[in-house]
Every structure is written in structure tokens, then in C-alpha cells.
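Everything on this sheet refers to the single structure shown next.
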Amino acid sequence: MEQELVALACGVCKGVSERIRMESELFDIAGFENDMMEWSDYENEVPPLDERHWLRSNRPPERGQVRTVKVSHPFHMRIGEPFWIMHTPVLSSFNGWDSHPEEIEQSSFVQCSIERVIERNEFKAWLCVKILDVWMIQDYNKRFPERDGRQGYLEGFEMFGDPYIFNYQNWLFISAGSQGNIGVWGLVKRIDSQYHMFVYGDWDFHTNNAYGGNILLPKERIDGWLKQAMENNRFETISSMVRE
């Protein structure tokens, strides 16, 4: 018997997004970005689906746990079907790594499967999910084989032109987009003077995808982007853990 489908509609157009492909020729992980799943410490009793003010959990997911989460569009999965989703701690889940870069190294990709639906409507759902695996992003140069990033990885950034870059310690967060409607981003770590992209994301109105791997990017192109960003006032270095 086919398992229940949880496919949530867009609050604007009421459309349901296509199911994300959970495999990629270019990356080792393909999944959802963190925005569509919020983590809680609830069990069976959960707030109403339309309640916006409830206590988000800052307890990191661990393999073997069963956790209660709230999902929204473009989530689209069946009960029992494994999927990957990026996880960030609470502060950066609300405000981004550029506001809380100290949480980059606490972030991960989490493999889950839906155990049951607690409550749902057309746009949102409370789910119990089983944590199948947790892979910390900071370890991807050790976990995954190095891939050649000269082709197939940077074209999205160059299509939009003039990326914005923020730097925190050995990390670069690179983003580019078009008027807030469509965009791409990448999380890059400097290792031995080389640039390794560990996470890549692309998004538009109906998709919000994230991919993990160990992509060795061409040094001369990233150095060129950095020089361009500095000249165009699109580069920022964050040295403290808390921004004023």
C-alpha cells in the first residue's frame, strides 16, 4: 500500500512544488534547505498550525532520535521515505549565517524519514521524524572525496553577476540573485590556501534546495570574485561572534 504523501502548497499561488530529486551527479548530498523545517521539543501535544510564536528547539538532532518538526512549502515527501535537510541552530535558522557565523560549525545535513503525521492542513504540517544520520558540514573535506569544481558549479553565480561575499575566519559565504526572486549561494572553506565548497543552495518561489559535498573550486576565479567584491563594496569580514 502506498504511504501517505505530505506535499504542502504555496501560500501565495496554492501550487504544490515537484518532489526534489534526492540524488545529484555533482554532489554527495541533495536535499532541502533548512527554511522549510522547524525543530521543536514537543511530543504529541503541539501548537496550532497557524500559531507563529512557539519555542523552537536548540537541541541538535542526533542519529536514532524521533523528533517533532513543523514543515511548510515546498516540502514534498511520503511517510517512510528517507530525505536530507540542512540543519542550523536556532539563531542562524532565523537570521542566517551572516548574522551568526559562529553557528556554521554547528550546522549539518540530517537524513530523516517521516514516522507519522501529527496534524496537517494544506500549507503546514506537524510531523514525527526519525533521525537516520547526521553529517556535520565542517567535516566534508574528510567525509567526501574531492571533486573538480572547474565546471558545473560556479555558472549559477556568474549568471547573476557581482556576488556578495562575507568572510568569517576560514569561511566564505557567497550569494547572488535577482531581485529576491531567484538565487544561489555557497558555503566555502579555505584549506591550505585552496577553496572547498561544502554546501551549495539554489532557490526560487517554489524550490529551496541544498547540496553537500567537497568541491575544490578554481583558486583564480574565487580570488577574482573576492577582488571584485571588495572593489564594489560587496565584501564583509565578520570578526566577532555577535554583530552589533
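Using the 1.4 Å probe convention, the accessible area of the chain works out to 51 Å² per residue with neighbouring protein chains retained.
Find which of Q179, V6, Y164 sits farthest along the positive direction of the dipole of the chain, computed with +1 on the beta-carbon of Lys and Arg, -1 on that of Asp and Glu, about the Cα centre. Among Q179, V6, Y164, the one farthest towards the positive end of the dipole of the chain is V6. For the range 45-113, a/c is not less than 1.5, where a ≥ b ≥ c are the root eigenvalues of the C-alpha gyration tensor, and a/b does not top b/c. That puts it in the oblate class. The stretch between E231 and C10, if pulled fully straight at 0.36 nm per residue, gains 75.7 nm over its current Cα-Cα span. Only DSSP H runs of four or more residues enter the estimate; each adds -39500 (n - 2.57), and after division by the residues of the chain the mean residue ellipticity at 222 nm equals -3000 deg cm²/dmol. Close lysine pairs were tallied over the chain: pairs 8 or more places apart or on different chains with Cα atoms under 19 Å apart number 8.
Contact order, relative form, for the range 121-214: 22 percent (alpha carbon pairs under 8 Å, 6 or more residues apart, mean separation divided by residue count).
Exposure here means at most 12 other Cβ atoms within 10 Å; with trypsin sites (Lys or Arg not before Pro) in a DSSP loop as sites, the longest stretch of the chain lacking them is 151-242.
Between the C-alpha center of the range 132-200 and that of the range 75-98 there is a gap of 17 Å. The chymotrypsin sites (Phe, Trp or Tyr not before Pro) found in the range 135-244 that occupy coil by DSSP, while having at most 16 further C-beta atoms within 10 Å, are F205. If I compute solvent accessible area with a 1.4 Å probe over the protein chains, what percent of it on the chain is carbon and sulfur? Roughly 47 percent of what the probe reaches on the chain is carbon or sulfur.
Legend: Rg and Dmax of the range 186-234, from Cα coordinates, 12.9, 38 Å. Given +1 at the Cβ of Lys and Arg, -1 at the Cβ of Asp and Glu and no other charges, the dipole of the chain around its Cα centre is 140 debye to the nearest 20. Projected over all directions and averaged, the alpha-carbon convex hull of the range 78-167 occupies 8.7 nm². Of L55, L187, L154, the residue with the greatest mean-square motion in the GNM of the chain, using alpha carbon springs below 10 Å, is L55. Between Q179, Q65, Q169, the GNM of the chain built on Cα springs shorter than 10 angstrom shows Q179 fluctuating the most.
Between helix 219-231 and the chain there is an angle of about 90 degrees, using the helix long axis and the longest principal axis of the Cα atoms. If R0 equals 41 Å, the separation of the Cβ atoms of E115 and N170 corresponds to a calculated FRET efficiency of about 0.60. With the alpha-carbon atoms of the range 1-152 aligned to their principal axes, the span from lowest to highest coordinate is 45, 35, 33 Å, starting with the largest. Taking all Cα pairs closer than 8 Å and separated by 6 or more residues, the relative contact order of the chain comes to 20 percent. Shape call for the range 162-244 from the C-alpha gyration tensor, a ≥ b ≥ c root eigenvalues: rounded (a/c under 1.5), prolate (a/b greater than b/c) or oblate? It comes out rounded by the Cα gyration axes.
The values are calculated or read from the model by the stated rules, or taken from the named source; none is laboratory data. Just so we're clear, the structure is a prediction, and the values are computed from it rather than from any experiment. Backbone-built Cβ (ideal geometry, glycine too); neighbour counts: all protein chains shown. For the accessible areas, the whole protein counts, side chains as well, though only heavy atoms, and no ligand, DNA or RNA atoms are used. Shrake-Rupley method; radii C 1.70, N 1.55, O 1.52, S 1.80 Å.
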